[in-house]
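S.K.: Let me give you the structure first, and then I'll get to my questions.
The values are calculated or read from the model by the stated rules, or taken from the named source; none is laboratory data. Just so it is clear, the structure is predicted and the values come from calculations on it, not from any experiment. Cβ placement follows ideal geometry from the backbone for every residue including glycine, while neighbour counts extend to all protein chains displayed. Areas reflect the complete protein model, heavy atoms only, side chains present, ligands, DNA and RNA absent. Shrake-Rupley method; radii C 1.70, N 1.55, O 1.52, S 1.80 Å.
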Amino acid sequence: MFKYIGFWFGVTASVACIWILTKYSDLFFYGGIIGILLFGILLLLTNNEKAVYRHEYKQRVVKAILHLINPKWSYRPNGHVSETDYRRSGLFTTSYDRYKGDDLVSGTIEKTDFQISELHTEYKTETTDSKGNSHTEWHTIFKGLFAHVEFNKKIEGKTIVLPDTTENLFGIFGDTLQSLSGRGKLIKLENVEFESMFVVYGSSQIESRYILTPTMMEAMLHIRKTYNGYVYFSFIGSQVYVALYNKKDMFEPRIFGSGVRFEDVLLMSEQFRTIQTIVRELNLNTRIWTKQ
């Protein structure tokens with residue numbers, strides 16, 4: 001009985017702390033995080049079952065962090081970017097046998113609508129050992145954050161920007177391998193640094209160059225350096241698709257260990273702010289073009 005009284009007291013105190021601090025000054029953002037940490041510790045102490053703890057952690061801790069960033073954004077712990085959007089992006093052409101995700105965030109940044117969630121897609125292979133026993137192995141296609149963001153012009157064709165791993169692996173033979181990818185025309189650009197990090201395919205040289213202005217390429221390079229990992233982009237229809245590869249589960253509670261750590265909360269905050277970086281760096285709020 002006293003355990004549950006303490007639990008709900010912690011919930012009430014933490015939420016009140018966050019509300020008061022964020023209402024009166026943005027400078028108290030870290031104070032709000034401290035309140036979330038205190039709640040997370042109480043949560044760990046009062047819930048021993050993994051499923052219950054995970055549910056409450058998502059609803060109370062993760063949701064509170066998101067609220068600190070933007071209270072108007074919606075959060076669905078068990079939601080994810082749809083398979084339709086994943087396929088439409090054209091970023092990953094390998095057929096998947098398992099598609100799962102969570103932590104769907106939807107909202108608007110100034111004039112720009114977006115959705116972002118964690119995704120994990122896999123394909124399986126079946127093998128048989130010398131004794132005739134069959135084994136199923138799962139292989140990751142993509143794991144990380146996947147977003148689609150409103151673009152301010154309807155694209156007639158498609159432009160796909162991928163990490164340039166072939167050139168890094170095969171040097172001067174990379175161009176030949178890239179041209180055989182089957183993704184469309186290989187688009188060559190003048191930005192040497194951009195060319196060293198990305199490979200671009202498109203249905204139209206003119207349209208791809210129209211989209212990938214010098215400013216746009218610099219912004220994409222900055223996102224790549226800020227995130228410090230593989231980043232994928234595609235421009236299709238009226239959407240920009242962005243995938244950021246990450247092997248870790250970014251919004252899950254620490255079931256084993258010391259509960260909620262300060263660095264964990266800060267990392268979650270940074271991951272949620274990734275969508276703001278994408279929108280602002282790509283200048284998607286500025287209506288340079290109008291949709292036709």
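S.K.: Can you name the residue in region 110-121 that is on the phi < 0 side of the Ramachandran plot and either assigned to a helix (DSSP H, G or I) or out of contact with any Gly (no Cβ under 6 Å at 6 or more places or on another chain) (or both) and, of all such residues, is surrounded by the fewest Cβ atoms within 10 Å (Cβ to Cβ)? Reasoning before the result, please.
M.R.: Restricting attention to region 110-121, the residues satisfying the condition of being on the phi < 0 side of the Ramachandran plot are 111-121.
Then keep just the ones that are either assigned to a helix (DSSP H, G or I) or out of contact with any Gly (no Cβ under 6 Å at 6 or more places or on another chain) (or both); that gives 111-116, 120-121.
On the way: Lys111: 12, Thr112: 21, Asp113: 14, Phe114: 22, Gln115: 21, Ile116: 25, His120: 20, Thr121: 21.
Restricting to residues being on the phi < 0 side of the Ramachandran plot and either assigned to a helix (DSSP H, G or I) or out of contact with any Gly (no Cβ under 6 Å at 6 or more places or on another chain) (or both), the top hit is Lys111.
S.K.: Considering region 67-88 alone, what residues qualify as being under 17 Å from Thr140 (Cβ atoms) and within 14 Å of the chain's Cα centre (by Cα)?
M.R.: His80, Val81, Tyr86
S.K.: Scan region 80-109 residue by residue and report those that are touching a Leu at 6+ places or on another chain (Cβ under 8 Å) and assigned to a loop (DSSP other than H, G, I, E, B).
M.R.: His80, Val81, Leu91
S.K.: Now, a different point. How do the helices (runs of 4 or more DSSP H) wholly within region 157-263 filter down when requiring 2 or more residues that are at pLDDT below 80 and open to solvent by less than 80 Å² (accessible area, probe 1.4 Å): which remain? Walk me through how you get there before you give the answer.
M.R.: On the way: elements: 165-170, 174-179, 192-197, 205-211, 214-227.
In region 157-263, the matching helices (runs of 4 or more DSSP H) lie at 165-170, 174-179.
S.K.: Restricting to region 199-228, what's the tally of residues that are under 19 Å from Leu244 (Cβ atoms), among the polar types (S, T, N, Q) and touching a residue at least 24 places away in the same chain (Cβ under 8 Å)?
M.R.: Result for region 199-228: 1.
S.K.: I'm trying to understand the selection: among the residues of region 67-81, which are surrounded by 14 or more Cβ atoms within 10 Å (Cβ to Cβ) and farther than 17 Å from Asp249 by Cβ?
M.R.: Answer for region 67-81, where residues must be surrounded by 14 or more Cβ atoms within 10 Å (Cβ to Cβ) and farther than 17 Å from Asp249 by Cβ: His67, Leu68, Ile69, Asn70, Trp73.
S.K.: Kindly indicate whether Thr84 is open to solvent by 30 Å² or more (accessible area, probe 1.4 Å) and more than 30 Å from Val199 (Cβ to Cβ).
M.R.: Details: open to solvent by 30 Å² or more (accessible area, probe 1.4 Å): yes; more than 30 Å from Val199 (Cβ to Cβ): no.
Taking the combined requirement at face value, the residue does not satisfy it.
S.K.: Assuming Ala64 fulfils every condition listed in (1) touching a Pro at 6+ places or on another chain (Cβ under 8 Å); (2) crowded, with 19+ Cβ neighbours inside 10 Å apart from one, which condition is it?
M.R.: (1) is the only condition that Ala64 fails.
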